[in-house]
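Trainee: So that we are looking at the same thing, I have put the structure below in structure tokens.
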Amino acid sequence: MHDFDSLTDRRIDSATADLVDRLTARYVPGLAPCDLPLAEVLDRLAQSYPLTALPPDSIHCARTALAVIEADYPEDAAYLPADPDDRQQAALALARTLRLDIRCLEVRQEDAGAHLYEQQAEQFARRTAGFGLTWTPMPIRICAETGTGYCLVTGSEELADRITCLRGVSRADIDRRTPALIAYLRAKYGAEPV
């Protein structure tokens, strides 16, 4: 049996639907909204992890600008060039005009950051066991725009979950059982509720 996610009209299998039902039944009744601004979340992370800000004209900032503009400013995105490289550079310039607060940060492989890279190596070993592949560290990055709340974490599931937990959920997320609520519950309580 398959169910459909009412927000995305995408098919989800019954095991996923059951997990969502268990998480919401167990944790939503006592859940209070806590919608922490993304800028504050990033400031808290800077206190816990060794972060390096990437240059504002980096490819990561350009990709973040393009993602935000295409999602939240589609009328402006329509005027961007079709060529992918030109489109990213134009999006970066438009982001400045729109005064978007784009922050791209990279976690250094030292202190608390070293733990995240160790986890990355362990996950690689589990997922590629028996294939004879060699792990090479993938940079752990946070690319965000604080006004819209856009945030993409690459290289670390633990860091992505921590950001999700720090951000919390709004009353609207709780009432509407949005994907943001499900992501929050999974990050905070794990895949299997106790």
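Trainee: Is there a residue being charged (D, E, K, R), surrounded by 13 or more Cβ atoms within 10 Å (Cβ to Cβ), under 26 Å from residue 190 (Cβ atoms) and under 21 Å from the mean Cα position of the chain (by Cα) anywhere in segment 104-121? Give the derivation first.
Mentor: Taking segment 104-121 as the starting set, the residues that turn out to be charged (D, E, K, R) are 106, 108, 110-111, 118.
Still in the running and surrounded by 13 or more Cβ atoms within 10 Å (Cβ to Cβ): 106, 108.
Filter again for under 26 Å from residue 190 (Cβ atoms), leaving none.
Checked against the condition, which is being charged (D, E, K, R), surrounded by 13 or more Cβ atoms within 10 Å (Cβ to Cβ), under 26 Å from residue 190 (Cβ atoms) and under 21 Å from the mean Cα position of the chain (by Cα), segment 104-121 yields no hits at all.
Trainee: Restricting attention to segment 69-103, which residues are loosely packed, with under 11 Cβ neighbours inside 10 Å, under 24 Å from the mean Cα position of the chain (by Cα), farther than 15 Å from residue 149 by Cα and of a type in the set (D, E, K, R)? Steps first, answer last, please.
Mentor: Within segment 69-103, the first condition is being loosely packed, with under 11 Cβ neighbours inside 10 Å, and the residues that meet it are 74-75, 78-79, 82-85, 97, 99.
After this cut, where a residue has to be under 24 Å from the mean Cα position of the chain (by Cα) as well, the list is 74, 84-85, 99.
Add one more test, that the residue is farther than 15 Å from residue 149 by Cα, and what stays is 74, 84-85.
Answer for segment 69-103, where residues must be loosely packed, with under 11 Cβ neighbours inside 10 Å, under 24 Å from the mean Cα position of the chain (by Cα), farther than 15 Å from residue 149 by Cα and of a type in the set (D, E, K, R): just 85.
Trainee: Which of the residues spanning segment 47-74 are under 16 Å from residue 140 (Cα atoms), touching a Leu at 6+ places or on another chain (Cβ under 8 Å), hydrophobic (A, V, I, L, M, F, W, C) and not in a loop (DSSP other than H, G, I, E, B)?
Mentor: 51, 53, 61
Trainee: Let me ask another. Got at least one residue in segment 160-169 being exposed (fewer than 15 other Cβ atoms within 10 Å of the Cβ) and either touching a residue at least 24 places away in the same chain (Cβ under 8 Å) or of a type in the set (Lys, Arg) (or both)? Even if it seems obvious, please write down each step before you answer.
Mentor: Residues of segment 160-169 that are exposed (fewer than 15 other Cβ atoms within 10 Å of the Cβ), as a first pass: none.
Within segment 160-169, none of the residues are exposed (fewer than 15 other Cβ atoms within 10 Å of the Cβ) and either touching a residue at least 24 places away in the same chain (Cβ under 8 Å) or of a type in the set (Lys, Arg) (or both).
Trainee: Going through 116, 152, 105 one at a time, which residue ends up being outside any loop (DSSP other than H, G, I, E, B), touching a strand residue (DSSP E or B) at 6+ places or on another chain (Cβ under 6 Å), in contact (Cβ under 8 Å) with a residue 40 or more places away in the chain and farther than 15 Å from residue 61 by Cα?
Mentor: Exactly one residue qualifies, and that residue is 116.
Every number here is computed from the coordinates shown, using simple stated rules; none is lab data. Fair warning: this is a prediction, and the values are worked out from it, not measured in the lab. With ideal geometry, Cβ positions are generated from the backbone for all residues, glycine too; neighbour counts draw on all protein chains shown.
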